[in-house]
1. In the range A:216-244, which residues are surrounded by 21 or more Cβ atoms within 10 Å (Cβ to Cβ), under 29 Å from the mean Cα position of the chain (by Cα) and of a type outside the set (A, V, I, L, M)?
2. Among the candidates A:ALA515, A:ALA483, A:ALA570, single out the residue that is within 29 Å of A:ILE430 (Cα to Cα) and either hydrophobic (A, V, I, L, M, F, W, C) or open to solvent by 20 Å² or more (accessible area, probe 1.4 Å) (or both).
3. Got at least one residue in the range B:161-184 being away from chain A (no Cβ under 12 Å), surrounded by fewer than 19 Cβ atoms within 10 Å (Cβ to Cβ), over 19 Å from B:SER214 (Cα atoms) and not polar (S, T, N, Q)?
4. Quick check on B:GLU130: is it in contact with a Phe, Trp or Tyr (Cβ under 7 Å, 6 or more places away or on another chain), more than 13 Å from chain A (Cβ to nearest Cβ) and not polar (S, T, N, Q)?
5. Might you check whether a residue that is over 26 Å from A:GLN285 (Cβ atoms), assigned to a loop (DSSP other than H, G, I, E, B), assigned by TED's automatic domain parsing to the domain that holds A:THR117 and open to solvent by 10 Å² or more (accessible area, probe 1.4 Å) occurs anywhere in the range A:203-215?
6. Out of A:ALA466, A:ALA441, I need the residue that is surrounded by 20 or more Cβ atoms within 10 Å (Cβ to Cβ) and either touching a residue at least 24 places away in the same chain (Cβ under 8 Å) or in the same structural domain as A:LYS383 (by TED's automatic domain parsing) (or both). Which one?
7. Would you check if B:PRO94 is more than 28 Å from B:LYS177 (Cβ to Cβ) and surrounded by 24 or more Cβ atoms within 10 Å (Cβ to Cβ)?
Amino acid sequence: MTLKGARERWVRTGGVELCVAELGDPEQPTVVLVHGYPDSKEVWSEVAARLADRFHVVLYDVRGHGRSTAPRPLRGGFTLAKLTDDFLAVVDAVSPDRPVHLVGHDWGSVQSWEFVTVGRTEGRIASFTSISGPSLDHFGHWINARVKRPTPRRVGQLLGQGAKSWYVYLLHTPALPELAWRGPLGKRWPKILERVERVPGGDYPTSSLPSDAAHGAWLYRDNVRARLSRPRPDAFAHAPVQLITPQGDAFLSERLYDDLDRWAPRLTRRTLPAKHWIPRTRPDQVASWIEAFVTSVDGGRPAAVPTGRHADRFAGQLVLVTGAGSGIGRATAFAFAEAGARVIAVDRDAEAAARTAELSRLVGAPEAWAEPADVSDEQAMEKLAEKVDREYGVLDVLVNNAGIGLSGSFFATTADDWRRVLDVNLWGVIHGCRLFGARMAERGQGGHIVNIASAAAYQPSRALPAYSTSKAAVLMLSECLRAELASQDIGVTAVCPGFVNTNITSTARFTGVDAAEERRRRQRTARLYGLRNYPPEKVADAILDAVTRNTAVAPVTPEARGAHVLSRFAPGLLRRIARVEPRL
Amino acid sequence: MTTAVSSELPVELQGFRRVQRLAYECAEAVAARLEPGVTEREAARMQREWLRERGVRDWFHLPFAWFGDRTAFVDFRIPLQFFPTDRALEPGMPFILDMAPVYEGHTADIGYSGSLGVNPVQDRLMADLEAHRELILREVRERRPLREIYQDVDRLMVRQGYANRHRAYPFGVIAHKVDRVKQRRWSPHLFGFGTQSLKGLAADALHGHREGWSPLWSPYRFSDHPPRPGLWAVEPHLGFRGTGAKFEEILVVTDSRDPAESAFWLDDDLPHVRRWAEEK
């Protein structure tokens, strides 16, 4: 079906025939993709297509699934030992001389953990990427540890995972699951996946689904009780492991992997905000992480592991920051760079943007580029969006940060002043969201947009009518966009900093005063902001936190938080503060 | 003592240059002996012993050593945090050695940045410090108020993408005056600072307070005056995401009308200056 250009072969082993598909150049490192339940190898079609031009990609239908034949009798035919035999048979056929890079999703990952922790596969596996499937042995030890020392937290973790495993109990009932899958459930499953798991429709799942699911029930019946009650004490991984954890997985708790470092000493963690079926919903991200991991292991050098906050989340992602030549934008670019993201620094000031890109590479960005552009210039932004799309790809995170300050009485603010501040602060954000957000939505693999508003968005002030208006608009724009993009897994965050020590003060315009007075006020505000001394680096950290938690509105700095609370519970007080004329 | 400089300049300066060279030699010798596992305390002791063996008896301040993110003074809140800790050096870690020996009555105060193995971030910081050395000398020659020079250095740092870490020093100083120190048989120190030197600094501060200048070169109003003739230990300190780098050396300021004579670096044959020359 969907595996275009695949070469097929059949491997006979232990009384079954396995259907094996190969893509790409066999001279390249071999990547073996193992599917889960209820699936067939076609679950990997999107990821395999993305890996095929760099690797020799091998997929096979697990016994009883897809076009592979089922063992007779079914009971006892799906034990992990037999699955390991199958794997070795496939590997010996497709890559007899070199160890393979293993990738498993769901039950494919569960069985791959067995492959990577038993002695007889040693030397046959170069690396293992695990997606949404724990080792049953590790799981057993995880449960035991929590039963033996039931602190409230551990009991909570146990109950949480217990509830998520409801389907495992159902699958242990005789005959019923088979009836359901071959009957109504099998028919409705594609729709359920589309609605609940947001798996794009099309040619997945395949027509073999009812029999895959019916046979696959024996994966659980043959292994789960046996392994969970008597987990192996020596289930240590003998190859480097990359663990990819979708945070919205309905079946597996993130806590399951807390102790994993004990079993897999060379562990790389990756997380992403998605549901269970990431090979279907996030093929780009999954393929790029597999590629990076396989390349680093194959290169024989330990990958330069990014050490920054949330490196598990942002490594390899494409991030664009506007206004990245200074202040919060620059600090944000550095924070993403430290987390291993690829950074595009956009700024009016080409030299400053280049500097940001250069230092980003220095602190850990695998790639960083500077793009000079004025966010208020629609055509320039369109050109930029086209260039980014053509040369770097679709953004994973967009930070609309560029902004300017404007202070002074409403009546002293000219129409030109208004235009300038709205052009940059509001239209800059609109252009960014429109151009880059559209491509993000079109790709359909999630993403995040961060708009830097301000505490002035909800704290009125007689000194900042134009600036506050522009920022309030950004706040509301973010909220509306968040509502619209929620269905496409694109988060939108409005970050509202208070007084942050950046050079916005030295470029801000003060209306209604002469040049000398304006300069004096600039210096004075810069001094006050300097005394407040809230570093932009902290705002950058808050931005990364907000993206990982998908926060809607993130006030940063105590005064911004305070005003945010007051705006809800005592807006009258804020109005009274608004009347105070700051003495500058 | 502060006024003595202009009259007997060359001889005096010889002494200061000798002790500054000695201090940098010490820094290079100790840096060469650093290896994984050496702690800040041990590095500080190595500096102390090296200089003691060569006749140093008094200190402007005792040797400091900062490793890892302590080179950028991450989370420094109280001055006690400047003192060496048991932090051990690891491969790739940046370090800074900072010492201020007094030798034959002359004071030096130097800072030496390096790393154990390769540290591209610190290399970059060190390379970018060259612009600061030039900026400071140029603006001192222009007789700009010290406070303004401080702010210009700040602006340059921000443009470069770095944070000002000399702000963490007491009074946020980028430089302070150093001078001749009377040699006593007993030279106690107070919080790491030699009492003789502190006495000199206090006397300067008192004089300055009356005359409208300060021996501390800070961002505050008391530094809002043109450069004062004398010897200034200048120490711009850059920080970038947990990595810091600085140099510290003596800038000679005189009351000469000739710009080139009015201010100059005491010695241009120092490790960081040589490094910049090599890179070109």
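1. A:PRO240, A:GLN242
2. A:ALA483
3. yes
4. It is true that B:GLU130 is in contact with a Phe, Trp or Tyr (Cβ under 7 Å, 6 or more places away or on another chain), more than 13 Å from chain A (Cβ to nearest Cβ) and not polar (S, T, N, Q).
5. The answer is yes, given that some residue of the range A:203-215 is over 26 Å from A:GLN285 (Cβ atoms), assigned to a loop (DSSP other than H, G, I, E, B), assigned by TED's automatic domain parsing to the domain that holds A:THR117 and open to solvent by 10 Å² or more (accessible area, probe 1.4 Å).
6. From the options A:ALA466, A:ALA441, the qualifying one is A:ALA466.
7. Judged against the criteria, B:PRO94 is a match.
Quick grid of which residues meet (1) basic (Lys, Arg); (2) at pLDDT below 95; (3) over 24 Å from A:GLY329 (Cβ atoms); (4) touching a Cys at 6+ places or on another chain (Cβ under 6 Å):
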| site | (1), (2), (3), (4) |
| --- | --- |
| A:ARG462 | yes, yes, yes, no |
| A:MET476 | no, no, no, no |
| A:ALA483 | no, no, yes, no |
| A:ASP489 | no, yes, yes, no |
| A:ALA494 | no, no, no, no |
| A:THR505 | no, yes, no, no |
| A:ARG509 | yes, yes, no, no |
| A:GLY512 | no, yes, yes, no |
| A:GLN523 | no, yes, no, no |
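The values are calculated or read from the model by the stated rules, or taken from the named source; none is laboratory data. For clarity, every value in this text was computed on a predicted model and none was experimentally measured. Please note: Cβ atoms are built from the backbone with ideal geometry, for glycine as well, and neighbour counts cover all protein chains shown. These accessible areas exclude ligands, DNA and RNA; they are computed on the full protein's heavy atoms, side chains included. Shrake-Rupley method; radii C 1.70, N 1.55, O 1.52, S 1.80 Å.
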